[in-house]
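Student: Here it is, the structure in full.
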Amino acid sequence: MSLQTDATETLDVKGAACPMPVVKTKQAVDDLSQGDLLEVVATDSGSMSDIDGWASGTDGVSLVDQEERDEGGETVYVHYVQVEE
Amino acid sequence: MSTETEDAPDADAPAGDTEAADVEALRERVDELEQQLSDAAVETDDDTKSMVIVATKGTLDMAYPPLILASTAAAFGWDVTVFHTFWGLDILHEERSKDLKLSAVGNPNMPVPNAIASLPGMDRMTTKMMRKRIDDNETASIGELLDTCFDMGVEMQACQMTIDLMDYDEDDFYDGVTVGVGAATALERMADADVQLLV
């Protein structure tokens, strides 16, 4: 099983610029339950550092993985955020 | 010599009682201090961070930093207060916030010489240019950021003295804006906050 198939939910923030990827991730996490895994797909390259920083500084969440993917010629930045038990 | 002095009370019954009483008093004192320490730990256990931003500017560019930082801090779960004063009030002004402007005058980083930038209609053009860039970059609008801040529980305060000074009415501001506050309110919050910023 990959993280992608494990994800409870996917949040699409493609196109959104700072601070919206972080803000929307937080809002999505609030609607999830403990143990859930959120996949966040962004096109903002700054989201790599920002989501990492947000997850480190926020209680109850942890960043499981981040990756850069090519989606039809467009670079997307994918983040996996786990809601801690 | 010293051994003798230390041994002396042991041999002496009344002095031993005194020592036992001293030890007991010390134990009580230690218990008391431990209690105080654990009470203090409980008080400071609330490790929620807080931030106060003082927003003094109302141009289209300068309205962004307070709102971006406020919404991001709220995403971290911080308690956030933005105290708006002087032109910063325009960010919270229901009508004026939709029409924030930008001028190239006095901004040597913009590609328009001051002599031209000061001609009538130029501010409108500069603002239009900036709005197009914001749209093209899919940067959130001021309205979106404001909604986000309100949704996330950021406290938006409007300085009463400057509301009166600018001849605004308390009803001119968005619902949820706190009015009737001044410098003392802002300072009190800032003293307790982890992060204080003036924009």
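The values are calculated or read from the model by the stated rules, or taken from the named source; none is laboratory data. Computed from a predicted structure; not experimentally measured. Counting neighbours? That spans all protein chains shown, and the Cβs are built from the backbone with ideal geometry, glycine included.
Student: Which ones in region B:119-146 are in contact (Cβ under 8 Å) with a residue 24 or more places away in the chain and on the phi > 0 side of the Ramachandran plot?
Tutor: none
Student: Next question. B:PRO65 versus (1) part of a helix (DSSP H, G or I); (2) surrounded by 10 or more Cβ atoms within 10 Å (Cβ to Cβ); (3) modelled with pLDDT under 95: which is the lone unmet condition?
Tutor: Failed condition: (3).
Student: Go through B:THR185, B:THR139, B:THR178, B:THR162 for me and flag whichever is within 14 Å of chain A (Cβ to nearest Cβ) and among the hydroxyl-bearing types (Ser, Thr, Tyr).
Tutor: Selected residue: B:THR139, the only one of B:THR185, B:THR139, B:THR178, B:THR162 that is within 14 Å of chain A (Cβ to nearest Cβ) and among the hydroxyl-bearing types (Ser, Thr, Tyr).
Student: If you go through region B:68-77, how many residues are farther than 21 Å from B:ARG131 by Cα and surrounded by 21 or more Cβ atoms within 10 Å (Cβ to Cβ)? Spell out the reasoning first.
Tutor: Start the filter on region B:68-77 by keeping residues that are farther than 21 Å from B:ARG131 by Cα, which leaves B:70, B:72-77.
Then drop every residue that is not surrounded by 21 or more Cβ atoms within 10 Å (Cβ to Cβ), which leaves B:70, B:72-75.
Result for region B:68-77: 5.
Student: For region B:158-182, which positions are free of Cβ contacts under 8 Å to residues at least 40 places away in the same chain and touching a strand residue (DSSP E or B) at 6+ places or on another chain (Cβ under 8 Å)?
Tutor: B:GLN160, B:GLU170, B:GLY176, B:THR178, B:VAL179, B:GLY182
Student: I'm trying to understand the selection: among the residues of region B:68-116, which are within 14 Å of chain A (Cβ to nearest Cβ) and assigned to a helix (DSSP H, G or I)?
Tutor: Once the filter is applied, which keeps residues that are within 14 Å of chain A (Cβ to nearest Cβ) and assigned to a helix (DSSP H, G or I), region B:68-116 yields B:ILE68, B:LEU69, B:ALA70, B:SER71, B:THR72, B:ALA73, B:ALA74, B:ALA75.
Student: Which number in (1) surrounded by fewer than 18 Cβ atoms within 10 Å (Cβ to Cβ); (2) within 22 Å of B:LEU92 (Cβ to Cβ); (3) not small (Gly, Ala, Ser) marks the one condition that B:PRO113 misses?
Tutor: The number of the failed condition is (2).
Student: If you take the residues in region A:1-39 that are touching a helix residue (DSSP H, G or I) at 6+ places or on another chain (Cβ under 6 Å) and within 7 Å of chain B (Cβ to nearest Cβ), which one is nearest to A:ASP50 (Cα to Cα)?
Tutor: A:VAL22
Student: Which condition does A:ASP70 not pass, out of (1) without any contact (Cβ under 8 Å) to a residue 12 or more places away in the chain; (2) facing another protein chain (nearest Cβ under 10 Å), if it passes all the others?
Tutor: (2)
Student: Quick one: how many residues across region B:161-177 are under 18 Å from the mean Cα position of the chain (by Cα) and surrounded by fewer than 17 Cβ atoms within 10 Å (Cβ to Cβ)?
Tutor: Residues flagged as under 18 Å from the mean Cα position of the chain (by Cα) and surrounded by fewer than 17 Cβ atoms within 10 Å (Cβ to Cβ) within region B:161-177 amount to 1.
Student: On the basis of being of a type in the set (S, T, N, Q), over 25 Å from A:ALA16 (Cα atoms), assigned by TED's automatic domain parsing to the domain that holds B:MET62 and modelled with pLDDT of 95 or more, does B:THR85 make the cut?
Tutor: Yes; evaluated as a whole, the condition is true for this residue.
Student: Taking the criterion of being at pLDDT 95 or above, touching a Lys or Arg at 6+ places or on another chain (Cβ under 6 Å) and of a type outside the set (S, T, N, Q), would at least one residue in region B:28-51 satisfy it?
Tutor: So far as region B:28-51 goes, no, none of its residues is at pLDDT 95 or above, touching a Lys or Arg at 6+ places or on another chain (Cβ under 6 Å) and of a type outside the set (S, T, N, Q).
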